[in-house]
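**Student:** The structure under discussion is supplied below as C-alpha cells; questions concerning it will follow.
The values are calculated or read from the model by the stated rules, or taken from the named source; none is laboratory data. The structure presented is a predicted model; accordingly, all values stated were derived computationally and were not measured. Glycine also receives a Cβ, built like all others from the backbone with ideal geometry; neighbour counts cover every protein chain displayed.
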Amino acid sequence: MKDPEAGLNIIDLGLVYDVAIADDKVHVKMTLTSPACPVGPQIMHEADAAVRGVEGVKDAKIELVWDPYWTPERIDPKVRAYLGF
C-alpha cells in the first residue's frame, strides 16, 4: 500500500519495522513519518485492511511504534537516490 502523501509504498519508505506471523495471525510494527501525520489514521486503516486481505490471515494487529523514530535515512536506498536524498 502507498503513503497517500508521498505516493510511495510504506515498505520502501521504511515505515514497516517488523512483521511477525504465527499460524493465521499477523502482527505488524510500523511507524509514521511524524506523530502529527495528517493521514496517519488512513495509513493505519489501510495497512490493517491490506494485511487482513491476505489469503489465510484470520487476525491482524497493526501496532504504531515511535522507537526508533522515523528519518529519511530509513527510505530504501534506491528510492532515496531516485528522490534525490
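**Student:** Can you find, within the range 29-79, the residue that is farthest from Lys2 (Cα to Cα) among those that are among the charged types (D, E, K, R), in a loop (DSSP other than H, G, I, E, B) and free of Cβ contacts under 8 Å to residues at least 12 places away in the same chain?
**Tutor:** Here is the first cut: in the range 29-79, the residues among the charged types (D, E, K, R) are 29, 46, 48, 52, 55, 58-59, 61, 63, 67, 73-74, 76, 78.
If we keep only those that are in a loop (DSSP other than H, G, I, E, B) too, we end up with 55, 58, 67, 76.
Now restrict to residues that are free of Cβ contacts under 8 Å to residues at least 12 places away in the same chain: 55, 67.
On the way: Glu55: 20, Asp67: 22 Å.
Checking each candidate, the answer is Asp67.
**Student:** Separate question: Is at least one residue of the range 44-53 under 18 Å from Asn9 (Cβ atoms), at pLDDT 95 or above and among the basic types (Lys, Arg)?
**Tutor:** Step one: list which residues in the range 44-53 are under 18 Å from Asn9 (Cβ atoms), which gives 44-53.
Remaining after also requiring at pLDDT 95 or above: 44-53.
With the extra rule that they be among the basic types (Lys, Arg), the set shrinks to 52.
Checked against the condition, which is being under 18 Å from Asn9 (Cβ atoms), at pLDDT 95 or above and among the basic types (Lys, Arg), the range 44-53 yields at least one hit.
**Student:** Being touching a Pro at 6+ places or on another chain (Cβ under 9 Å), within 26 Å of Ala81 (Cα to Cα), in a loop (DSSP other than H, G, I, E, B) and of a type outside the set (D, E, K, R) narrows it down to one residue among Gly7, Gly14; which is it?
**Tutor:** Every option except Gly14 fails the conditions.
**Student:** Check whether at least one residue in the range 4-17 is crowded, with 16+ Cβ neighbours inside 10 Å, in contact with a helix residue (DSSP H, G or I) (Cβ under 6 Å, 6 or more places away or on another chain) and without any contact (Cβ under 8 Å) to a residue 60 or more places away in the chain, and report yes or no. Full working, then the answer.
**Tutor:** So the first thing to find is which residues in the range 4-17 are crowded, with 16+ Cβ neighbours inside 10 Å, and the list is 6, 8, 10, 12-16.
Cutting the leftovers down to in contact with a helix residue (DSSP H, G or I) (Cβ under 6 Å, 6 or more places away or on another chain) gives us 12, 14.
In the following step, the residues that additionally are without any contact (Cβ under 8 Å) to a residue 60 or more places away in the chain were identified as none.
Within the range 4-17, none of the residues are crowded, with 16+ Cβ neighbours inside 10 Å, in contact with a helix residue (DSSP H, G or I) (Cβ under 6 Å, 6 or more places away or on another chain) and without any contact (Cβ under 8 Å) to a residue 60 or more places away in the chain.
**Student:** Do we have any residue at all in the range 41-64 that's touching a Ser or Thr at 6+ places or on another chain (Cβ under 8 Å), surrounded by 12 or more Cβ atoms within 10 Å (Cβ to Cβ) and of a type outside the set (Lys, Arg)?
**Tutor:** yes
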